[in-house]
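Below: the structure, in structure tokens.
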Amino acid sequence: MADRFSPLQPEDYAEPRCVLCMDTEGVQRVPQQRIIEKMDEYMARRDYAGAERHLLYWLGEAELGRDGRGKLMLLGELIGHYRKTGERDKALRRVDEALALIDALGFGGTISAGTACVNAATALERFDEPERALALFEKARAAYEGSGQTPPEKLGGLYNNMALVLVSLGRYAEANALYDRAMECMADVPGGALEQAVTCLNRADAVYAQRGAEAGEAEIAALLDRAWALLHAPGVPQNGYCAFVYEKCAPGFAFYGRFMDADDLKREAEALYERA
């Protein structure tokens, strides 16, 4: 068996092309669920270069197979990947591609379009384009809330990320209302405590931005306590994603002077990565 840290080749995870795999419109679909599962494996061991190769390989397959839905999913994954790695130019190029593809496919108003808009908007927020990000979040919100089929985790992610942009624009009341909705949505999701913890830390930052450290001290402390409890809630999956969230949350605790908590989260993250 190949070493788990060696670069994977296409034959390790690809399926051969065949005309029998084509649908009635002559489109060969990429295996979206399997692509996401393999992506999770790369991220669990922090193999960012491998993750990019994986996504680019399948993006090429989607283009060759004329699989527009698959291509849109892969562009969203690439946007998220470049957001995490801080690669602004690559992220924004894929944002433009994804938005153009939504129009080309006629997907406006669908859940798929909403998800693509969330991915694009989150990257734009990360790279300091809040006004453009907010416009895309509004489109995503209309698509998600207009469908009775939107999973609660998608709604929770939308509300949480949209609130971040509103905070950056000084629209605190609107942001807090969305944070409340994000917490409600993630309460119904298995393992959603991790996302709720992130929301608590985001709310602490909103308090700090609006009221300052001294005036908001008690509320910030309560939010940090709640975030810590949620990060260690019963049933939280001890996997690579949990490690990623711990790693993501550690600087927030450190910023507010809770250095021991931050160090503990880093150690817990490392232990989970080693087990992945």
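Since every read-out is calculated from the coordinates, none of them should be taken as a lab result. Not measured: the values here are computed from a predicted model. Cβ coordinates were reconstructed from backbone atoms using ideal geometry, including for glycine residues, and neighbour counts include every protein chain displayed.
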Using eta = 1.567 mPa s and T = 4 °C, Stokes-Einstein with Kirkwood Rh from Cα pairs puts D for segment 166-249, in µm² s⁻¹, at 98
From DSSP H assignment alone, runs of 4+ in the chain each adding -39500 (n - 2.57), the sum over residues rounded to the nearest 500 puts [θ] at 222 nm at -24500 deg cm²/dmol
Cα-Cα pairs in the chain separated by more than 29 Å, as a whole percent of all pairs, come to 37
From the cross-link list Lys84/Lys248; Lys84/Lys266; Lys71/Lys248; Lys38/Lys139, the entries with a Cα-Cα span beyond 21 Å are Lys71/Lys248; Lys38/Lys139
Given the candidates Ala262, Ala229, Ala209, the one whose Cα lies deepest towards the positive end of the charge dipole of the chain, counting +1 at each Lys or Arg C-beta and -1 at each Asp or Glu C-beta, is Ala209
Mean projected area (nm²) from the convex hull of Cα positions in segment 103-146 is 2.8
Sorted largest first, the C-alpha extents of segment 74-149 along its principal axes in whole angstrom are 34, 22, 18
Whole-Hz Karplus couplings 3J(HN,Hα) for segment 81-98, θ = phi - 60° and coefficients 6.51, -1.76, 1.60, Gly and Pro as x, run 5, 5, 5, 5, 8, x, 9, 4, 4, 5, 4, 5, 5, 6, 4, 4, 4, 5
Nearest 10, in degrees from 0 to 90: the angle of helix 32-44 to the longest Cα principal axis of the chain is 50
Volume per residue (Å³) of the convex hull spanned by the alpha carbons of segment 126-193 is 84
Log entry: pair-distance distribution for segment 127-271, C-alpha pairs binned every 5 Å from zero, whole % per bin is 2, 10, 18, 21, 20, 16, 10, 3, 1
